[in-house]
Every structure is written in C-alpha cells, then in structure tokens.
Amino acid sequence: MSAGLFTPAPSLDLERAPETEIALDLVRRGLPAAPVLVLVGALVAGTDGALSAAFAIALVLGNFLLSATLTAGAARISLGMVMGAVLFGYLARLALITGAVLAVKDMGWVHLPVLGLTLIVAHLGLLFWETRYVSASLAFPTLKPARPTRTTPPPNAQAATRPPSAATKE
Amino acid sequence: MIELLAQAAATGEDTIAASEALSSGFAYGLAAIGPGIGIGYLVGQAVTAMARQPEAAGMVRTTMFLGIAFTEALALIGFVVFILLKFA
C-alpha cells in the first residue's frame, strides 16, 4: 500500500497534527522555563539582558509554532507540498528571525550577546528536553501517554471488596 | 602629506569595515547552506517513508519535525555568530 506524492498525508486527524502537538508541548514546557532564562539574562546584563532574553524566548517559541503550522497546513494538501513548505518555510523563518533581530538591534534595551545566546540555549534546550517526552511509536506517534495518576482508595474500599464469607467469619 | 595620510587611514578603516561585513556575511551564508541541504535530505526521506508506509505517517512526521528543528539550530548558531561579528 502506498500513497502518491500528491495525495494528502494519510491517517492524520487535522486538529491533532503531530507537529502541532509537539510544538504546543514545546511551548507548554518553554513558558515555565522562560523566567529562569530571563533571570539569567538579568544577572548578566540587568534589565536590558532580561528584556533581550524574553525577546529571544518569544522568537524561539514563535518559530516552533510557525514551523508546525506551516508543515501541518501543507500536509493537509499533499506530501509534495510538505517538501516545499518545509524548505521555503526554513528560508522564510530564518528571514523572519533575522528581520526581527535587525529591527530591534538599535533599540536601547537590546543586549545582543544575551539575545543571541538565549536564542541558541532556548532552542536547543527545549528540543533536548522535548525528546524525553516524545514517543514516536505506531501506537503513540507523538508524545508518550501520560502516566495514570495514583489515587488513594477510600478508607472503606477494602471492606467493600472483601468477600461476604470473610465478613461473616468475623 | 597629512591629507594623504588621513586618506590612507580612512581607506584602511574602510577595508577593515568591508572585511568585517564580508566575513560576517559569509559566516551566516555558509552556516545556512549546510542546514538547508540537511533539511532537504531529511524531508525528502520522510516524504518517501510516508509514501511507502502511510500507516507510519504520524511517527515519521514527529521525527521529521524534531529533525528539522535540530538541524535549524545550526543555522541559528550561524546567525548568532553573524550578529555578534557584525553588531556587537
């Protein structure tokens, strides 16, 4: 069984595209980690460093979301479109990041070394962190399933499940 | 004479500025070529895999997305080198 290059990517629920799910999970993990990076930026370069770090984190998270949106949107059309969207998306996103940084580089609050290092650290750090939670198996193609939470049984659960013969012996 | 020396000094500064611009441009350009080739190869293989085995498309796309993001980090490193060389 095979699909042509111009058929939509198969067996995918449109609302739960794998890229979107991974990107949203990256954002979910990146938002709580952001204050740590902002704090490090503040320690290095004061308020300018904190603002630059925050800007870099916003760029990284926006880049992930845009990449996922482009790929998922192209996969609805055809596999060939995925190829084009990813390659031209790569160029477009690089241009967007370059434009965003060049647009703010002369502003007073920008500390370029902190901004640049935060870009790399946030991007790579989030990706390495995410790999711990990616399943990529046929059963769970995106994220590992959540572990079932252990609930404490009610205090009379044991008595309720005890066979009636045991209760009569007592 | 002094004017000539001043002109020569200005030309030297211009040369240094031009060299900085060239080297930072090359750093970014060369750093973007490698990941571009890598992403093209990666997505090509992923598309082939999805066409051959459609039931594994979700798994392939997950791996492809992470691979693209990891490869893109190389271009980001080149970009950071560029802005640090050029503007910092």
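The values are calculated or read from the model by the stated rules, or taken from the named source; none is laboratory data. Note that the coordinates shown come from a computational prediction; the quantities given were computed from them, not determined experimentally. Virtual Cβ from ideal backbone geometry, glycine too; neighbours counted across all protein chains shown.
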| query | Are any of the residues in region A:50-59 free of Cβ contacts under 8 Å to residues at least 24 places away in the same chain, under 30 Å from B:Met59 (Cβ atoms) and not aromatic (Phe, Trp, Tyr)? | reply | no
| Counted residues, region A:42-54 - those being crowded, with 22+ Cβ neighbours inside 10 Å and out of contact with any Ser or Thr (no Cβ under 6 Å at 6 or more places or on another chain) | 4
| Residues in region A:9-39 that are modelled with pLDDT under 90 and more than 10 Å from chain B (Cβ to nearest Cβ): how many? | 2
| Out of B:Gly12, B:Gly34, sole residue that is closer than 28 Å to A:Ala122 by Cα and part of a helix (DSSP H, G or I) | B:Gly34
| Scanning region B:44-56 for residues that are more than 12 Å from A:Thr71 (Cβ to Cβ) and small (Gly, Ala, Ser), which turns out farthest from the other protein chains (Cβ to nearest Cβ)? | B:Ala49
| said: Return the residues of region B:13-63 that are among the polar types (S, T, N, Q) and over 25 Å from the mean Cα position of the chain (by Cα); say none if nothing qualifies. | reply: B:Thr48, B:Gln53
| said: Taking the criterion of being touching a Leu at 6+ places or on another chain (Cβ under 7 Å), part of a helix (DSSP H, G or I) and within 22 Å of A:Thr98 (Cα to Cα), would at least one residue in region B:39-57 satisfy it? | reply: yes
| query | Scanning for something among the aliphatic types (A, V, I, L, M), under 19 Å from the mean Cα position of the chain (by Cα), within 14 Å of chain A (Cβ to nearest Cβ) and not in a helix (DSSP H, G or I), does region B:65-80 turn up at least one residue? | reply | no
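Could you tell me how many of the residues in region A:97-145 are among the acidic types (Asp, Glu) and either surrounded by 14 or more Cβ atoms within 10 Å (Cβ to Cβ) or within 13 Å of B:Ile77 (Cα to Cα) (or both)? Can you show your working first?
Within region A:97-145, the first condition is being among the acidic types (Asp, Glu), and the residues that meet it are A:106, A:130.
After this cut, where a residue has to be either surrounded by 14 or more Cβ atoms within 10 Å (Cβ to Cβ) or within 13 Å of B:Ile77 (Cα to Cα) (or both) as well, the list is A:130.
Total meeting the criteria: 1.
Would you point out which residue out of B:Leu84, B:Leu76 is touching a Leu at 6+ places or on another chain (Cβ under 8 Å) and surrounded by 18 or more Cβ atoms within 10 Å (Cβ to Cβ)?
B:Leu76
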| said: For region A:64-84, give me each residue that is facing chain B (nearest Cβ under 9 Å), crowded, with 19+ Cβ neighbours inside 10 Å and not polar (S, T, N, Q). | reply: A:Phe64, A:Ala68, A:Ala72, A:Ala75, A:Leu79, A:Val82
| task | Assess whether B:Ala51 counts as being surrounded by 23 or more Cβ atoms within 10 Å (Cβ to Cβ), at pLDDT below 95 and of a type in the set (A, V, I, L, M). | result | no
| remark: Only unsatisfied item for B:Tyr41, checking (1) of a type in the set (Phe, Trp, Tyr); (2) at the interface with another protein chain (Cβ under 7 Å from one of its Cβ atoms); (3) closer than 19 Å to A:Arg93 by Cα; (4) loosely packed, with under 15 Cβ neighbours inside 10 Å, is (2)
| said: I need the full set of residues from region B:51-88 which are in contact (Cβ under 8 Å) with a residue 60 or more places away in the chain and basic (Lys, Arg), in order please. | reply: B:Lys86
